[in-house]
Amino acid sequence: GCVLVVSVIEQLAQWHNSTVKAAVERLCDYIPGKYQIMCHMSRCIDKEMNADVVCHSLRLCKQDPGQPLCHLYSPPKVSCYTTCELMHPSTFIFLPLQKSFMGFSSVCAFPLLANLCEKIKFVLRNKLPFEDFDGDKFSTFPTLRGYHWRGRDCNDKNTTVYPGRRPDNWDAKSDSNCNGIWGVDPKDGIPYEEKFCKGADSRGVVLLGDSAGAHFHIPPEWMTATQMSAKSFANLPMAFSDEFDWPQFSEITGFLNSTIGGWTDSLYLRLRKRNRCNHRDLQNISQNVYFPNNIAPYLSFSLARNQLLDNPAIVIYATIGNDVCNGERDTLAHMTTPKEMLSNVVQALRYLDSRLPNGSHVILTGLVDGRFLWDNLHDRYHPLGQLNKDVTYSQVYSFLDCLQVSPCSGWLTPNETLRNLTSERALQLSNVLKEIARSEKFANFDIFYMDFPLRQTAEEWRKMGGEPWQLIEPVDGFHPSQIAAALGTGITWQKALHEWPQVLGKENPFNDQIEAIFKDQGGH
């Protein structure tokens, strides 16, 4: 983190031909007030020192005994990792801030804050909305696992009102399922929900995913000096409270127009267009770290589906990289084995069978072939290296790997043998999923398998005049970009439409009438 921030400050000074102090003040003007913690570094930076040297002199970076020296930039010809502190005694200005970083967790020791901390930990661990007054796992607040992640609650004081449930008495008096369709047609006395949604095969969509499904994204303008302005950080508070994920634009549960480039196309939007009664019936249960081996207990807290009261659901099981991706030095030893994969997934499916309403569907998505990442990015310049042509993705990957925080040591490496072995394991695990879909049977859902459509996505993008590297997130060099997410939706939809039409349900013939009534009522 220090290296990234110092790099941005130094490049701002270079781009605007200013002092480092002026560059820090400029950056702090851009960043919303409560996120200005790095602004205290102003007197600790010298334009003649690269970011690695600065951060070592600040004692935020260190070299552990027996470990390599981790650096993003080429090391200086004369080492000053141990002498800069003497050259810059003002680095000690940072020590109080350093202590505040180290003491953050101790805040929870205060009695008045202990309960709040426990709630925050519970919410983060189980992926539940922080603000959910009736406890139905849906919220009226967008972030902190709110309606960016799940359909928006329309009554957060009534636990029997939430997206995805079957209508209560055809919603003649109130909207019990939050799809906006309720009341009685004065012309014939028939409830609108009964008239438009009865027998319409209404269904929701649930994603069990990893950081790709959550749609992890760090805006490149946050660290590209030539693009940076006050507008660049306007979305920082929202991104921070959504864990730097953007599920509202994602491939499976996206529902808002993208503000991070590309366009939004999602399975949820297509299901909603096919049947307007599906409005708001979505859940994105994804996380940026690896699922526990047995996700059934985790799902018991996170999944919001009542087998008796709710509509069926399409569940997408898509942990496309977590089972082979880790930041460990001996990465192969920490990958999921085929035997473990079989056990973990079958346990999760058995739990789903006890919770999903009859008539649901589960789609298992195979793992991605991540060799695509190195092949298309390693010799390109990262946003941090574009100004001076001094930082490639290969350097970024090596830096993260050295720090043992690489999102995927097996693929983000110059070691071709290791990349091939990682893809080999990914294929083995995909074959396990394929066999589960072929052989396992469940009472309340049928089950299907599809390969992750990376090759088809790249082909489609080339036909549109694009380059393969544009399908990868530019800052982390690892996750699918907004363009890749949108294109992937179309490919998945076409496969389902032609091979498993029963999954998508039939098209609602009353969609136009529903939209016309909404328009007459002001769109609410």
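The values are calculated or read from the model by the stated rules, or taken from the named source; none is laboratory data. Quick caveat: nothing in here was measured; it's all calculated off a predicted structure. Quick reminder, even Gly has a Cβ in these numbers, built from the backbone with ideal geometry, and neighbours come from all protein chains shown. Each accessible area value is taken on the protein alone, full model and side chains, heavy atoms only, with ligands, DNA and RNA left out. Shrake-Rupley method; radii C 1.70, N 1.55, O 1.52, S 1.80 Å.
Descriptive notes on the structure:
- Note on region 324-379: residues that are polar (S, T, N, Q) and more than 17 Å from residue 435 (Cα to Cα) total 6.
- Of all residues in region 199-219 being open to solvent by 30 Å² or more (accessible area, probe 1.4 Å) and touching a residue at least 12 places away in the same chain (Cβ under 8 Å), the one that is nearest to the chain's Cα centre (by Cα): 216
- Residues of region 121-140 that are open to solvent by less than 70 Å² (accessible area, probe 1.4 Å) and not acidic (Asp, Glu): 123, 126, 127, 128, 129, 130, 135, 137, 138, 139, 140.
- Per this entry, residue 285 is not counted among residues that are buried (at least 17 other Cβ atoms within 10 Å of the Cβ) and part of a loop (DSSP other than H, G, I, E, B).
- If the condition is being in a helix (DSSP H, G or I), open to solvent by 30 Å² or more (accessible area, probe 1.4 Å) and out of contact with any Phe, Trp or Tyr (no Cβ under 6 Å at 6 or more places or on another chain), then region 407-434 contributes 416, 417, 418, 420, 421, 424, 425, 427, 428, 431.
- Only listed residue being modelled with pLDDT of 95 or more, over 30 Å from residue 125 (Cα atoms) and open to solvent by 60 Å² or more (accessible area, probe 1.4 Å), chosen from 173, 231: 173
- Across region 235-243, a minimum of one residue is classified as assigned to a loop (DSSP other than H, G, I, E, B), over 23 Å from residue 325 (Cβ atoms) and in contact (Cβ under 8 Å) with a residue 24 or more places away in the chain.
- None of 127, 119, 77 is touching a strand residue (DSSP E or B) at 6+ places or on another chain (Cβ under 6 Å) and modelled with pLDDT under 95 except 127.
- The residues listed here are 404, 395; of these, the one that is in a helix (DSSP H, G or I), surrounded by fewer than 21 Cβ atoms within 10 Å (Cβ to Cβ) and touching a residue at least 60 places away in the same chain (Cβ under 8 Å) is 395.
- Within region 472-483, tally of residues that are surrounded by fewer than 24 Cβ atoms within 10 Å (Cβ to Cβ) and either assigned to a helix (DSSP H, G or I) or outside the structural domain of residue 274 (by the TED database) (or both): 1
- Residue check, residue 368 within 25 Å of residue 393 (Cα to Cα) and open to solvent by less than 60 Å² (accessible area, probe 1.4 Å): yes
- Residue in region 191-198 that is open to solvent by 10 Å² or more (accessible area, probe 1.4 Å), in a loop (DSSP other than H, G, I, E, B) and touching a helix residue (DSSP H, G or I) at 6+ places or on another chain (Cβ under 8 Å) present: yes
- Some residue of region 435-446 being of a type in the set (S, T, N, Q), modelled with pLDDT of 95 or more, under 26 Å from residue 357 (Cβ atoms) and open to solvent by 20 Å² or more (accessible area, probe 1.4 Å): yes
For every residue, the table says whether it meets (1) in a loop (DSSP other than H, G, I, E, B); (2) within 17 Å of residue 411 (Cα to Cα); (3) hydrophobic (A, V, I, L, M, F, W, C).
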site	(1), (2), (3)
317	no, no, no
325	yes, yes, yes
328	yes, yes, no
340	no, no, no
347	no, no, no
357	yes, no, no
367	yes, yes, yes
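- Top-ranked residue of region 176-190 - restricted to ones that are in contact with a Ser or Thr (Cβ under 9 Å, 6 or more places away or on another chain) and surrounded by 20 or more Cβ atoms within 10 Å (Cβ to Cβ), ranked as nearest to residue 272 (Cα to Cα): 179
- Residue in region 166-183 that is in a loop (DSSP other than H, G, I, E, B) and more than 25 Å from residue 519 (Cβ to Cβ) present: yes
- Scanning region 498-524 for residues that are open to solvent by 60 Å² or more (accessible area, probe 1.4 Å) and assigned to a helix (DSSP H, G or I) yields 498, 499, 501, 502, 512, 513, 515, 519, 520.
- Summed over region 375-385, the residues that are surrounded by fewer than 21 Cβ atoms within 10 Å (Cβ to Cβ) and assigned to a helix (DSSP H, G or I) give a count of 3.
- The residues in region 243-262 that are surrounded by 20 or more Cβ atoms within 10 Å (Cβ to Cβ) and modelled with pLDDT under 95 can be counted, and the count is 1.
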